[in-house]
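> Mind looking over this structure? Questions follow.
The values are calculated or read from the model by the stated rules, or taken from the named source; none is laboratory data. Note that the structure is predicted; figures quoted are calculated from it, not measured. Glycine gets a Cβ as well: all are built from the backbone with ideal geometry, and neighbour counts include every protein chain shown. All accessible areas refer to the heavy atoms of the entire protein, side chains included, with ligands and DNA or RNA removed. Shrake-Rupley method; radii C 1.70, N 1.55, O 1.52, S 1.80 Å.
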Amino acid sequence: MSRIGKLPIAIPQGVTVTKEKNTVKVKGPKGELTQVIDRDIEVSVEDNQIVLNRPTDQKRHKALHGLYRALIYNMIEGVKEGYKKELELVGVGYKASAQQNILELSLGYSHAIFLAVPQEVKVTTEQAKGKNPTVILESFDKQLIGQVAAKIKSLRPVEPYKGKGIRFVGERIRRKAGKAASK
């Protein structure tokens, strides 16, 4: 059996899980999420636990077993606690500001970049003197918050020579030696 897939998922207080055919719905204090499950994977909800089973030991079934267990666990964790990602803008003159769900970024281009963030993601910005501007994303949907963070990072990827660009707070960047180091 899959080491991850065979673990049961505990349903915490305040979270309800319902299963209809091949769809799992999770509702909690932060929001509601749904996930369509492959028809080969069997999901059973019993006495505050979710258990997933697979029909055979085929490689495909093993992969789906662990995948759907992880997705359901992330949904439960999201509607209960939520997820948070912090991005920092490293570079001279880089700025960020947010109004409602519109993120305005100045990233060294000749124009400002306006990014519409989905309603499920709450975006805030911080700019303290002497520190890099920070964009904070909060949501109950782990997939969506990861996708939004990846989109923001793609607007100005970190370059390896000076380390300028958008990165996660605490992310380590492998730096390259410049032209002077080759002599």
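> Mind listing which chymotrypsin sites (Phe, Trp or Tyr not before Pro) in segment 84-173 are in a DSSP loop and have 16 or fewer other Cβ atoms within 10 Å?
For chymotrypsin sites (Phe, Trp or Tyr not before Pro) across segment 84-173 that sit outside H, G, I, E and B with at most 16 neighbouring Cβ atoms in 10 Å, the list reads TYR109, TYR161.
> Projecting each Cα onto the charge dipole of segment 130-183 (Lys/Arg +1, Asp/Glu -1 at the beta carbon, about the Cα centre), which of LEU144, ALA180, ILE166 comes out farthest on the positive side?
ALA180
> In percent, how large is the relative contact order of segment 68-137, given Cα pairs closer than 8 Å and 6 or more residues apart?
31
> With a 1.4 Å probe and all protein chains kept in place, how do THR134, THR125 rank by accessible area, largest first?
THR125, THR134
> Right, something else. Just to confirm the number: angle between the C-alpha axis of helix 142-154 and the first principal axis of the chain, 0 to 90 degrees, nearest 10?
20
> Here is a further query. Over the chain, what is the relative contact order in percent, taking alpha-carbon pairs closer than 8 angstrom and at least six residues apart?
18
> Would you work out which of VAL43, ILE4, TYR73 lies farthest towards the positive end of the dipole of the chain? Charges go on Cβ: Lys and Arg +1, Asp and Glu -1.
Looking along the dipole axis, the top candidate is ILE4.
> Let me ask something else about it. Mind listing which trypsin sites (Lys or Arg not before Pro) in segment 23-64 are in a DSSP loop and have 12 or fewer other Cβ atoms within 10 Å?
Within segment 23-64, the qualifying trypsin sites (Lys or Arg not before Pro) (loop, at most 12 other Cβ atoms within 10 Å) are ARG39.
> Now for a different question. If you line up the Cα atoms of the chain on their principal axes, what length do they span on each, largest first, in Å?
If we take the Cα atoms of the chain, the spans are 60, 45, 24 Å.
> Pull up the cross-link candidates among the aspartates and glutamates for LYS6, meaning alpha carbon to alpha carbon under 19 Å and not fewer than 8 places away within one chain.
Reachable aspartates and glutamates: ASP38, ASP40, GLU42, GLU46, ASP47, ASP57, GLU77.
> Let me ask something else about it. Tell me, what is the percent relative contact order of segment 1-67, built from C-alpha pairs under 8 Å that lie six or more residues apart?
35
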